[in-house]
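Structure, as C-alpha cells:
The values are calculated or read from the model by the stated rules, or taken from the named source; none is laboratory data. Here the structure is a predicted model, which is why all the values come from computation and not from measurement. When we count neighbours, we look across all protein chains shown, and the Cβ atoms used for this are built from the backbone with ideal geometry, even at glycine. Please note that ligands, DNA and RNA were not included when accessible areas were found on the heavy atoms of the full protein model with its side chains. Shrake-Rupley method; radii C 1.70, N 1.55, O 1.52, S 1.80 Å.
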Amino acid sequence: MAFWSSTSVFTSKVPRKILFMFTLSLSVTYLFYSLMSCYNSLQFPLQENYVYQGRLVTEETTFVTLREKLYSASPGFTEFTEAERTTVVSTVKDHAEAEQRTVEWIRTQASPTKSAAAHHTTALEKEHQEFSTTDSDLRVNCTSDYGEKKLPQAIIIGVKKGGTRALLEALRVHPDVRAVGNEPHFFDRNYEKGLDWYRDLMPSTLEGQITMEKTPSYFVTNHAPKRIHSMARDIKLIIVVRNPVTRAISDYTQTLSKKPEIPTFEVLAFKNRTLGLIDASWSALRIGIYALHLESWMQYFPLSQMHFVSGERLIVDPAGEMAKVQDFLGLKRIVTDKHFYFNKTKGFPCLKKPEDSSTPRCLGKSKGRTHPKIDPDVIRRLHKFYKPFNMMFYQMTGQNFEWELEEDSETRSSQD
C-alpha cells in the first residue's frame with residue numbers, strides 16, 4: 001500500500017505532458033533501431049548484386065578484348081588457331097552458365113529486389129544476344145575479306161562441242177577471271193530455284209574480277225535470252241562456233257560413247273536417205289543451224305554484247321583467239337602463247353604456266369575422241385544442207401568463218 005501510495009504521489013506531481021513525451025521518445029528510439037535492422041537485412045542481396053555486377057564488368061572486358069583480337073585479324077586471316085577456338089568455346093560456355101545461375105538466384109530474392117532482378121535479367125539477355133551474333137558477324141567479315149559472290153558479268157552460252165570447255169579453262173588462267181567449273185544450267189533447267197541459288201554457285205570475287213560461267217545449251221534454249229536479259233541486260237555473251245558438220249559428228253561421238261546401242265550417224269541424220277531428206281529435228285543437226293538460234297538472242301541483246309569465237313582457230317591459234325576474248329571482256333592480255341602447248345596426240349592445245357616446266361595440263365579423256373567413219377556422201381549432203389544457214393550466220397555476225405573451204409578437210413577428218 002505504501003508503494004502504490006508513493007507512486008500515486010509521484011504521478012500526481014509529474015505533469016502528464018512530460019510523461020507522454022518520455023513515452024513517445026522511447027517508442028521512436030525502438031522504431032529507429034528496428035528500421036535499421038530491417039534496412040541492413042534488405043541491403044544484403046543488393047550488395048551481392050553489386051559484387052556480381054563487378055564480376056560481369058570483368059568478364060565483359062575479357063569478351064571485348066577477345067572480340068577486338070578476332071576482328072583485328074590481318075587480311076590473310078583464314079581461321080582461328082586451335083588454342084583460340086578452345087578459348088572462345090570454353091569462355092562462352094562459362095559465361096552462359098554464370099548467366100543462368102545468376103538469373104535463377106535473382107528470381108528467388110525477396111520482393112524488394114524484384115525490380116533490380118528484372119533490370120539485371122534484361123541486361124544479361126541483351127549481352128547474351130550481342131555475343132551470340134558475334135560468330136555470324138565474324139563469318140561475314142572474313143568472307144568480305146576474300147570478296148563476295150556476284151551474278152556473272154559474262155556467260156559462255158554456246159555451243160555444245162564447239163570448244164567451250166577449252167575456252168573456259170584458258171580464261172580461268174587469267175587472274176581477273178573467276179568461273180564456275182561445272183555447268184550450272186540455271187536458265188534452262190534450274191530457273192525455278194531463283195537467282196539467290198544461282199548466285200550461291202558462283203565463286204567469290206574481289207573488286208576488278210569478272211564472274212563467269214558456261215552452259216552451252218543456253219544458245220539453243222528458247223527462253224534463255226529473255227531470262228538472262230531480265231537478270232542483267234548489259235551482260236557479255238560469248239559463243240564458240242564450229243563447222244556445223246564437224247560439230248554434229250562430234251556430238252554423235254559423245255553420245256555413242258555413253259550409249260553404244262544407238263543407230264548409226266547416217267540413220268539418224270536422214271528421214272529418207274534415198275530421197276536425201278535430212279532430219280533437221282535431230283538435236284545433233286539442229287544445234288548447227290546457228291542463224292536460227294542467234295535470231296532469238298538478237299531480239300534482246302545487240303551484237304556489241306556478243307563475241308563469236310572460232311572453234312577451229314581456237315585449236316590452231318589459241319593465243320590469237322584468247323587475245324580477242326580478253327579484249328572483249330576488258331581484260332589485260334595476260335593469257336598468251338606462253339600458256340599453250342600443242343598436244344599432237346590429243347590434236348589440240350594444252351595449258352601450261354610459262355614458268356612451269358612440268359607436263360602441260362590437257363583436257364580430260366572425254367575430249368579428243370576418235371570419230372566413227374562417216375560415209376563421205378553423207379558429209380557432202382550435210383555441207384550442202386548447212387550452206388544457206390551458214391551464209392545467213394556470216395551476214396548476221398559480220399564474220400566469215402569459211403567453213404565451206406573446209407569441206408574437203410572435214411571429209412578426211414577423223415578426230416574431235
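Residues in the range 300-316 carry Karplus couplings, in order, of 10, 10, x, 4, 5, 9, 10, 10, 9, 9, 7, x, 5, 6, 5, 8, 7 Hz; the curve used is 6.51 cos²θ - 1.76 cosθ + 1.60 with θ = phi - 60°, and Gly or Pro positions show x.
Please identify every one of the GluC sites (Glu not before Pro) in the range 253-302 that sits in a loop by DSSP and has no more than 13 other beta carbons within 10 Å of its own beta carbon. The partial results should precede the final answer.
On the way: sites: E261, E266, E295; in loops: E261.
Here the sparse-neighbourhood loop sites are E261.
Given K214/K236; K160/K338; K161/K258; K344/K387, which pairs have Cα atoms separated by over 22 Å? From K214/K236; K160/K338; K161/K258; K344/K387, over 22 Å: K160/K338; K344/K387. Each of F342, F389 has its accessible area taken with a 1.4 Å probe; listed largest first, they run F342, F389.
Between the DSSP loop rule and a limit of at most 13 other Cβ atoms within 10 Å, which trypsin sites (Lys or Arg not before Pro) in the range 238-274 are left? Write down the numbers at each step before the final one.
Numbers: sites: R242, R247, K258, K271, R273; in loops: R242, R273.
Hits after loop and neighbour filter: nothing returned.
If both residues of a DSSP beta bridge must be in the range 148-404, then about 40% of such bridges are antiparallel. Restricting the range 136-236 to GluC sites (Glu not before Pro) that sit in a DSSP loop and have at most 10 other Cβ atoms within 10 Å of their own Cβ leaves E207. Taking amide hydrogens as placed 1.01 Å from N in the peptide plane, the amide H of V177 sits under 5 Å from those of I210, each at least 5 positions away in sequence or on another chain. Using the Cβ atoms and a cut-off under 13 Å, what net charge is assigned to the surroundings of H223, where Lys and Arg are +1 and Asp and Glu are -1? My count for the surroundings of H223 gives +1. Distance from the alpha carbon centroid of the range 165-223 to that of the range 248-312 works out to 23 angstrom.
Distance between the pseudo-spin-label points of K17 and M231 (7 Å out from Cα toward the beta carbon): 10.3 nm. Working from label points 7 Å from Cα in the Cα-to-Cβ sense, the S257 to Y300 distance is 3.1 nm. Residues F385, F22, ordered by accessible area of protein heavy atoms at a 1.4 angstrom probe radius and largest first, appear as F22, F385. W403 exposes around 0 Å² of accessible area when a 1.4 Å probe is run over every protein chain in place. Taking the Cα atoms of the range 148-404, the ratio Rg/Rh between the radius of gyration and the Kirkwood radius comes to 0.96. For D375, the solvent-accessible surface computed with a 1.4 Å probe is close to 50 Å², ligands and nucleic acids excluded.
Under a 5 Å amide H cut-off, with hydrogens placed 1.01 Å from N, K236 pairs with A154, I155 among residues at least 5 apart or on other chains. For the range 148-404, the residue among H293, T253, Q326 whose Cα projects farthest onto the positive side of the dipole built from Cβ charges is T253. Within the assembled protein chains, the solvent-accessible surface assigned to H307 is about 30 Å², based on a 1.4 Å probe.
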